[in-house]
1. Which condition number in (1) at pLDDT below 65; (2) in a loop (DSSP other than H, G, I, E, B) is the one that Gly165 fails?
2. Confirm whether Leu221 is surrounded by 15 or more Cβ atoms within 10 Å (Cβ to Cβ) and either at pLDDT below 95 or part of a helix (DSSP H, G or I) (or both).
3. Any chance the range 122-145 includes a residue that's among the charged types (D, E, K, R), in contact with a Ser or Thr (Cβ under 8 Å, 6 or more places away or on another chain), at pLDDT 90 or above and not in a strand (DSSP E or B)?
4. Being surrounded by 11 or more Cβ atoms within 10 Å (Cβ to Cβ), touching a helix residue (DSSP H, G or I) at 6+ places or on another chain (Cβ under 6 Å) and at pLDDT below 95: is that true of Val29 here?
Amino acid sequence: MPNILSRRTLITTVSTLPIMGGIALADDVMDARHIIDESAITVERVRQSQKTTEAMDNFLRQSRGVLVIPNYYKASFILGGSYGDGVLLKRQSPTAFGDPSFYRMTAGSIGLQAGMQSAEIVFMILTDKGLDAVLNDEFKIGANVGISVGSLGAGAEAATTTNIGKDIVAYSLNAGLFAGGSFEGAVIKPREDWNAAVYGMNNDDPRVIVERNQLQAAQTLKDSLAKNVYPAQPQLQ
C-alpha cells in the first residue's frame, strides 16, 4: 500500500507541474506589466517634482537610454539591504524609445545606519559607454572602471552643469529616513525570468529586446519619456 500511495502522489505531483508552471509564468507577466505601468508614473512624478522640468528634459534629450526603478526599497539596522525592479529602454530615434528590458537593482551594506527608505529613481544614461555597461550581465555602480554616475535629489537645480561629463545621471524621489546610504555599490542585473515571460524564452536577451519597438503595453511609458523632450515643430503656412 505505501508503494501505491507513493506512486499516486508522484503521478499527481508531476501532472500538476505544467499547470503550476503556467500560473507562475502568468504571475511573472502580470508583475512585469505592473512595473511598466509604475515606471510610466514614476517618470511623470520625478519630472513634476523638479523646480523646473528643463534640466531633466535636457538630460533626456542627450540620453542613449533610460533605466527606471519605480520602487527601490531600503531597510536596515546595522546590516542593510536594498532592492527594486525596473525597466531599461534604449533610444531608437530622437522621438522614440524601444521596448523595455526588465532589471533588478540590489545592494547590501554594513555600517552605522538605521531606518527605512523607499525611492523612485530615473537613471538617464548619457553615453554609449554607459549604456553598454548596463546592458552587460552585471553592472555595479562605482565599480565599473571609466563609468561615472551622478546622483541628484528631487528639485535639484543647475543639474545640467553639475553633472557635465557623467555617463549616467540619476534623479530620485525619496520617502522615509535612511542615514548613510547611497547608490554606490548597487548591482543592476537583468531579470531573465520576466524577460522570458514577456518576450519568450528565445527572445530574452536585453540587447535584442531594447532594439525592438513592438510591445504595445509599454507605449504609455515610451510616450512619457519622449514627452516635452522634442516639441512639435511649427507647421509652414
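1. (1)
2. On the way: surrounded by 15 or more Cβ atoms within 10 Å (Cβ to Cβ): yes; either at pLDDT below 95 or part of a helix (DSSP H, G or I) (or both): yes.
Taking the combined requirement at face value, the residue satisfies it.
3. The first filter runs over the range 122-145 and keeps only residues among the charged types (D, E, K, R), leaving 128-129, 132, 137-138, 140.
Narrowing further to those that are in contact with a Ser or Thr (Cβ under 8 Å, 6 or more places away or on another chain): none.
There is no residue in the range 122-145 that is among the charged types (D, E, K, R), in contact with a Ser or Thr (Cβ under 8 Å, 6 or more places away or on another chain), at pLDDT 90 or above and not in a strand (DSSP E or B).
4. Details: surrounded by 11 or more Cβ atoms within 10 Å (Cβ to Cβ): yes; touching a helix residue (DSSP H, G or I) at 6+ places or on another chain (Cβ under 6 Å): yes; at pLDDT below 95: yes.
Yes; evaluated as a whole, the condition is true for this residue.
To keep it simple, each residue is scored yes or no on (1) surrounded by 18 or more Cβ atoms within 10 Å (Cβ to Cβ); (2) modelled with pLDDT of 90 or more.
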| residue | (1), (2) |
| --- | --- |
| Ala154 | no, no |
| Thr160 | no, no |
| Ile188 | yes, yes |
| Gln214 | no, yes |
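The values are calculated or read from the model by the stated rules, or taken from the named source; none is laboratory data. None of these values were measured; they are calculated from a predicted model. Neighbour counts are summed over all protein chains in view; Cβ atoms, including those assigned to glycine, are modelled from backbone coordinates with ideal geometry.
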